Amino acid sequence: MDGQCTCRPNYDGLRCDRCMPGRGGIEAGCPVCSCNPLGSRPDVLPTCEPVTGQCPCKPGVGGSLDCGRCLPGFYNMGPNGCEGLILTVWIWGLWISYSLSFAI
């Protein structure tokens, strides 16, 4: 005996406590990862986190398991994630930039 349990379909691990690669969300029965290609990191697609099903989101992206929308205070999802508001002001002879986020 090697300690390996017999897993239900789509489950993996010695104790069947995670989803097979390319699947995630152990409580939901390990469905196929459905990561949004625009909001998810391309270096790990299509793999999501095997226990929770959370896809790896780009900067400023989140709000759901599939990385399908911008986080509060961010906008304009694009190839590098979502943009935040940057305010640049002139104070005492210096340009100073602030990154601002507002709750939506």
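The values are calculated or read from the model by the stated rules, or taken from the named source; none is laboratory data. Values in this document were obtained by computation on a predicted structure and should not be read as measured data. Backbone-built Cβ (ideal geometry, glycine too); neighbour counts: all protein chains shown.
Key figures
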{"quantity": "Inter-residue pairs, beta-carbon under 6 Å, first at negative phi and in contact (Cβ under 8 Å) with a residue 12 or more places away in the chain and in the stretch 11-40, second among the aliphatic types (A, V, I, L, M) and assigned to a loop (DSSP other than H, G, I, E, B), 6+ apart", "calculated": "12/20; 18/51; 26/51; 35/45"}
{"quantity": "Among residues of the stretch 14-62, those that are closer than 26 Å to residue 4 by Cα, of a type outside the set (Val, Ile, Thr), out of contact with any helix residue (DSSP H, G or I) (no Cβ under 8 Å at 6 or more places or on another chain) and in a strand (DSSP E or B), counted", "calculated": "1"}
{"quantity": "The stretch 26-60, subset small (Gly, Ala, Ser) and in contact with a Leu (Cβ under 7 Å, 6 or more places away or on another chain), residue farthest from residue 83 (Cα to Cα)", "calculated": "53"}
{"quantity": "Test: residue 81 is buried (at least 16 other Cβ atoms within 10 Å of the Cβ), under 25 Å from residue 3 (Cβ atoms), more than 10 Å from the chain's Cα centre (by Cα) and not aromatic (Phe, Trp, Tyr)", "calculated": "no"}
{"quantity": "Single residue of the stretch 1-13 satisfying the filter (part of a loop (DSSP other than H, G, I, E, B) and at pLDDT 90 or above) that is nearest to residue 55 (Cα to Cα)", "calculated": "10"}
{"quantity": "Number of positions in the stretch 39-75 that are touching a Pro at 6+ places or on another chain (Cβ under 8 Å), surrounded by 17 or more Cβ atoms within 10 Å (Cβ to Cβ) and among the hydrophobic types (A, V, I, L, M, F, W, C)", "calculated": "2"}
{"quantity": "Enumeration of residues in the stretch 63-78 that are under 27 Å from residue 32 (Cβ atoms) and not in a strand (DSSP E or B)", "calculated": "63, 64, 65, 66, 67, 68, 71"}
